[in-house]
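Here, each number is a calculation from the coordinates, and none is a lab measurement. The model shown is predicted, which means the values in this text are computed figures rather than measured ones. All Cβ positions, glycine included, derive from the backbone under ideal geometry; neighbour counts span all protein chains shown.
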Amino acid sequence: MPSLTRRHLGVLTAAMMVARPAFARSGPDSFAPLVKRVLPAVVNIGVTETVSGSPDWEDLPPEIQRQLRERFRRSKRQVQGAGSGFIIDPAGFIITNNHVAGQADKIIVSLSDGTELPAKLIGTDELTDIAVIKVNAPRPLPFVTWGNSSATEVGDWVIAAGNPFGLGGSVTAGIVSGRGRDIGASAFDDYLQIDAPINPGNSGGPVFNSDGEVVGVNTAIVSPNGGGSVGIGFAVPSNVASKIAAELRDKGRIERGWLGVSVQDIEPPEGKKRAPGVAVAGVDRTGPAARAGIRAGDVVTAINGQPVNTARSLIQAVAAITPGGSASVAVRRGNRDMEVAVTVGRRPVNDQG
């Protein structure tokens, strides 16, 4: 189609949209009724953390560097931070981020009415950046409920709430900009991308849908200059966060399956399709895979009958298996296909497979 025709078509389409505004889905006149209903369950979280470390002395002579590093190695200092969270149970259970509360020595929760309460860390999950804390309140607390993030579509209105820059309870509105985002934080990345401004201090706060249900937990932002929001924020979907939170409440930790292998995607020859499966690059000699006979160089094609074609999908499939359970691993070794029964282990923190 000639370029001129495309330009004319664009003008015509724009004219039709102006003439037929009924096709456009408008937002609410005000979010105020929704905000009044949910904001009392949003809390500010102040943390105190003891850290050790040393400044950068690269310009100093090596001997002076060693002396200073030894002195600072033995020293510790306390730093303070702030984040957000939300109450999911009137008994005082609160959801926030692991990077907000996971290493804290002291946690103080500020309710919307100004009440300050000490909080106890119940459990954290580094891989999804979710933490559960609890306060003991003299009365039942206002709370919010989980929504279904799978039903949240790109283009839906959302409200992000929290404590940006330590200013106190604040809300911003926007839409869902994308789903299933992988930002390289872990093999379990599956973020909602939203354009409601998220700033430092919003971490751990809720993302509400138009029904006032929590469909995400604010976690990260893109900020090229290291400052505030540029309209690209990421939230852990509620369908992930709610399951993690429930397990943390029950057990205090997350248990994921583990094979004891390092894996990598199979890169196809130029111009050809990638072969199915994931290559085993290495095997932990004391891990479940080694005990079952899996070797470096094998190609895993399925876990319990479900095909795996990327390292990420394999890790997620294994992680979903309860430690101690059995997994049927389909393996291709040279020209031979086989099924290997593996008793799945418990995944160590930061392990690959």
When we measure straight from the Cα of K120, which lysines land under 17 angstrom away, once same-chain ones fewer than 8 places off are left out?
K106, K134, K251
Length gained when the stretch N136-A320 is fully extended (0.36 nm per residue, less Cα-Cα span)
62.9 nm
Karplus-derived 3J(HN,Hα), 6.51/-1.76/1.60, for each residue of the stretch 317-330, Hz, glycine and proline x
5, 5, 4, 6, 8, 5, x, x, x, 9, 10, 9, 9, 7
Which GluC sites (Glu not before Pro) in the stretch 228-308 sit in a loop by DSSP (not H, G, I, E or B) and have at most 10 other Cβ atoms within 10 Å of their own Cβ?
E270
If W258, W157 are placed from fewest to most neighbouring beta carbons inside 10 Å, the sequence is W157, W258
Just order 145-155, 196-206 by mean Cβ neighbour count inside 10 Å, highest at the front, would you?
196-206, 145-155
Alpha carbon convex hull of the stretch 149-249, volume per residue in cubic angstrom
102 Å³
Which ³J(HN,Hα) values in Hz, rounded to whole numbers, follow from the phi angles of the stretch 31-38 under the Karplus curve 6.51 cos²θ - 1.76 cosθ + 1.60, where θ = phi - 60° and Gly and Pro get x?
8, 4, x, 5, 4, 4, 6, 9
